[in-house]
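Student: First the structure, which I've put down as structure tokens, then a few questions once you've had a look.
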Amino acid sequence: MAVYLASTSPRRKEILSEILADFKQVSPQIIENEYPFLSPKDKCIRLSKDKCIAAVNLIKEKDMVIIASDTVVDLDGKVLEKPKGKPDAYQMIKSLSSKMHSVYSAVSVYKNGKMYTFCDETQVYFDMVPEETILQYIDTDEPYDKRGGYRIQGFMGNYIHRIEGDYYNVVGLPKEKLKNLLIFLNIL
């Protein structure tokens, strides 16, 4: 049975390799729909399913397993996407400063014609980020390919004083829940 991770994310690849020794990475080749009428959590679930379906249609092997995931940053019911430039990155980090937000990661696993999906939530609590720090930070490359404009394992992780939930969920793949699902499905 061939296992595919429907993501080109190096972070997801690294987390999955801690659970599963043998898998291949593929790009699901989708245009992510906005789903403006869905809650942030429901949008995350929908996007993970979309990626999984796209990978199934791309690979089309008889005995395949597809693992797809999506992560959404939710601040007060609003999804924070990847910053489009310095003003956007500045506004995101400013809005996260001294606040709690939720990070949702949904995972969809396809096996034997069925899809199994779950969504995990982690609450992230930021300290106050000084203005000067935000201005220096947005001059780096770090904020621009991450939803919410930060990585928990990156520089802004220094301003996170607490999380409630799975650390790996914030990185992009809830490790323990995925491992349990793979055991349940006899993939591990």
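Student: Which whole-number percent gives the relative contact order of region 111-188, counting Cα pairs below 8 Å spaced six or more residues apart?
Tutor: Relative CO of region 111-188 lands at 35 percent.
Student: Still on this structure, I have one more. Over the chain, what is the mean sequence separation of C-alpha contacts under 8 Å (at least six apart), divided by residue count, expressed as relative contact order in percent?
Tutor: It rounds to 22 percent for the chain.
Student: I'd like the distance separating the alpha-carbon centroids of region 1-51 and region 103-180, in whole Å.
Tutor: Region 1-51 and region 103-180 have Cα centres separated by 14 Å.
Student: What is the order of Thr133, Thr8, Thr71, fewest Cβ neighbours within 10 Å to most?
Tutor: Thr8, Thr133, Thr71
Student: Using +1 at the C-beta of Lys and Arg and -1 at the C-beta of Asp and Glu, which of Ser48, Val73, Phe126 has the Cα lying farthest in the positive direction of the dipole of the chain?
Tutor: It is Ser48.
Student: Would you grab the residues whose amide H sits under 5 Å from the one on Val65? Only those 5+ places off in sequence or on another chain, please, with H modelled 1.01 Å from N.
Tutor: Ala2, Val3, Tyr4
Student: Could you list Ser105, Ser98 so that the one with the fewest beta carbons within 10 Å of its beta carbon is first and the one with the most is last?
Tutor: Ser98, Ser105
Readers should treat all values here as calculations from the given coordinates under stated rules, not as data from a laboratory. Quantities reported herein were computed from a predicted structural model and do not represent experimental measurements. Note that we place each Cβ from the backbone using ideal geometry, even for glycine, and neighbour counts take in every protein chain shown.
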